[in-house]
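Notes follow the structure.
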Amino acid sequence: MMEFAVPEPEVSALSEPEGEGNKSSSNLDFADAFARLNFGTTTTRASDSSGQEHERHLPDAAVRSIANYLVQGEPPGHALIHLLAFCGVCRQWRSVGREVNPGVCIGFDVLENTFCAQSSIQRFRRRTTAQKEDVFCAAAKLLIGYTEVCFSGEAVSDRLVEAVAQRVGAKLVKVKLHNTKQVTDVALCALVRSAPLLECFAAEDLDRVAGKFLVPLMEDCTSLATAHVANIPSLNWALCKQSSANWGRKCLTKLVVRTVGLDESFGGIIAKLGHLTDIELDGPAVNIKAGALHCPSLSRVSYLVGRKSDLDEALAALMSIKELKQLELIVRNFVLTADELRVIGMLPVADLRLDSYVYKQQPTLSRSSYSHVDNEGVKALVDGICTRWCSHNNADMCPMKLSLCGATALTHDAVSALLRLPVLTELDIGGCCRITAMDKMRLVAKVKAGREMLESGRRPQVRMNSRFPGLLL
């Protein structure tokens with residue numbers, strides 16, 4: 001990727017129109033940048049029929065192609081830096097480059113976790129938080145046309161979010177905020193109210209947000225299909241619950257709400273979202289029951305369960321979801337029993353993830369005391385899956401995907417149980433440190449055989465054995 005140098009002089013000039021007498025001194029910093037594109041110099045001198053000299057510029061189409069090349073395949077934060085440098089070359093490049101294609105995501109990102117060798121990125125990272133905020137605000141006033149935006153880092157302020165809302169809010173379809181500690185409800189309300197076409201909204205790790213933005217998000221954004229709100233413990237759903245009584249038909253199909261202070265009354269909001277197909281949540285299991293009752297198209301559920309009592313209630317609700325195809329249970333601070341895993345195996349799902357919360361937080365921990373599944377539990381899980389397939393005469397037998405990440409106590413006995421599955425097309429055993437290399441090779445062969453069987457069109461058959469459900473080809 002071509003490297004551009006971020007202009008060191010006053011960045012506010014980027015957002016101001018450039019007149020005849022306002023020549024930015026930073027343009028000299030980009031003379032070599034344009035030459036490295038192998039197009040020659042930025043402008044050339046030529047004489048017309050009267051003998052007067054005038055400038056010849058590249059065609060706008062060529063300049064636009066260069067701008068598209070700069071941001072192609074780049075992360076959103078890098079794309080912003082490249083476009084700012086691009087717009088500093090000359091007036092023509094600024095007028096063309098400021099119009100961003102709708103498919104490009106612009107990222108107002110401080111790039112704290114970016115390790116990039118490009119000099120422009122490194123120079124930007126060395127700026128102070130205040131300087132980064134000035135750069136972001138200048139970019140927000142300059143760039144137009146983009147429909148996707150993401151904010152990340154301490155340099156993101158209410159001033160920036162409101163500037164983006166005023167500049168491009170009417171065209172935004174996707175917004176993401178992550179770790180923006182300075183943003184408040186005031187800016188978020190302005191953003192969602194200015195974006196009637198919004199289809200996807202995600203907010204994580206916001207410290208100064210109380211939840212007032214939820215009402216305009218759900219009421220004004222009629223095209224909203226995905227809502228992701230996580231890691232905001234101070235979030236208050238009271239206003240949203242009150243307004244839900246007046247909601248009309250919602251297009252929301254995916255809802256993610258984790259670590260946001262859910263209680264048993266959240267089911268009232270779920271009851272208004274009848275088109276949900278995908279939900280991720282934690283807290284009381286009664287909310288899953290609300291999804292089972294009011295969301296007939298629900299096909300994927302991801303539940304972070306922290307208490308055994310919640311698990312029992314959740315399993316009863318999951319059994320009543322007719323369209324359930326994917327289930328993820330993230331277990332926190334307890335071990336799944338054989339009876340619970342046998343019930344889980346009876347659920348009619350093709351994609352089952354039983355992962356440990358400890359593994360999600362720190363995958364390198366390998367102590368067996370952190371395991372949420374043991375060998376006997378895996379045997380019961382396999383028995384439940386095979387029993388389900390037998391009871392339905394193999395009618396619902398389908399490609400099986402299974403994940404047991406973080407089950408550090410599993411050994412050879414668990415592997416032997418997994419090999420009894422009639423078909424297995426995908427298996428994730430990340431963190432299962434006690435499984436030997438030889439057993440891992442056996443599991444790889446099992447998955448490969450399952451995929452080959454699927455590709456060939458053959459179907460396995462199951463029969464019950466006096467000792468255990470087995471495999472009969």
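Which part of region 347-361 falls in the paramagnetic zone of residue 434, meaning amide N under 20 Å from the point 7 Å along Cα-to-beta-carbon? Only 354-360 pass the distance filter. Here region 328-457 has 53 percent of its accessible surface on carbon and sulfur atoms, given a 1.4 Å probe and all protein chains in place. Spin-label pair residue 416-residue 387: with each label point 7 Å from Cα along the Cα-Cβ axis, the two points sit 2.1 nm from one another. Our summary of shape: the Cα atoms of region 305-404 have principal axis extents of 41, 23, 20 Å, ordered from largest down, in whole angstrom.
Sequence gap at least 6, Cα distance under 8 Å: using those rules, report the relative contact order of region 328-457 to the nearest whole percent.
Once normalised by length, the contact order is 27 percent.
Legend: calculated FRET efficiency, residue 294 to residue 92, from the Cβ-Cβ distance at R0 = 56 Å, rounded to 0.05, equals 0.50. Here each label is just a point 7 Å from Cα along the line to Cβ, and for residue 376 and residue 275 those points are 4.8 nm apart.
What does the extension gain come out to for residue 320 and residue 368, with contour length at 0.36 nm per residue minus their alpha carbon separation?
Working: separation 48, 0.36 × 48 = 17.28 nm, distance 3.40 nm.
That pair, residue 320 and residue 368, stretches by 13.9 nm at full extension.
Full extension of the chain between residue 441 and residue 62 yields a length gain of 131.1 nm, computed as 0.36 nm times the residue separation minus the alpha carbon distance.
The convex hull of the Cα atoms of region 185-289, projected and averaged over all directions, covers 5.7 nm². By the rule of a C-alpha distance below 18 Å, with chain neighbours fewer than 8 residues away ignored, the lysines paired with residue 401 are 325, 379, 440, 446, 448. Among 256-269, 342-355, the peptide with the highest mean count of other Cβ atoms within 10 Å heads the list, and the full ranking is 342-355, 256-269.
Could you tell me what percent of the accessible area of region 208-292 is made up of carbon and sulfur, with a 1.4 Å probe and every protein chain present?
The C+S portion of the solvent-accessible surface of region 208-292 is 50 percent.
Each residue of region 337-354 was assigned a 3J(HN,Hα) from its phi angle through the Karplus curve 6.51 cos²θ - 1.76 cosθ + 1.60 (θ = phi - 60°); the sequence is 7, 5, 5, 5, 5, 5, 5, 4, x, 7, 5, x, 10, 9, 10, 10, 10, 10 Hz, with glycine and proline shown as x. Diffusion coefficient of region 328-457 by Stokes-Einstein, Kirkwood radius over Cα pairs, 4 °C, 1.567 mPa s: 88 µm²/s.
Quick one: putting +1 on the C-beta of Lys and Arg, -1 on the C-beta of Asp and Glu, what dipole do you get for region 185-339 around its Cα centre, in Debye to the nearest 20? With Lys and Arg at +1 and Asp and Glu at -1, about 320 debye.
Placing pseudo-labels 7 Å out from each Cα toward the beta carbon at residue 286 and residue 220 gives an inter-label distance of 3.3 nm. Normalised by 2.2 N^0.38 Å, with N the number of residues, the alpha-carbon radius of gyration of region 120-275 equals 1.06. Measuring between alpha carbons in the structure, the pairs from 174/250; 212/250; 176/250; 171/289; 272/322 lying more than 29 angstrom apart are 171/289.
The calculated FRET efficiency for residue 245 paired with residue 361, based on their beta-carbon distance and R0 = 35 Å, is about 0.40.
The values are calculated or read from the model by the stated rules, or taken from the named source; none is laboratory data. Small disclaimer: the values here were computed from a predicted structure and weren't measured. Please note: Cβ atoms are built from the backbone with ideal geometry, for glycine as well, and neighbour counts cover all protein chains shown. SASA here: full protein model, heavy atoms, side chains in, ligands and nucleic acids out. Shrake-Rupley method; radii C 1.70, N 1.55, O 1.52, S 1.80 Å.
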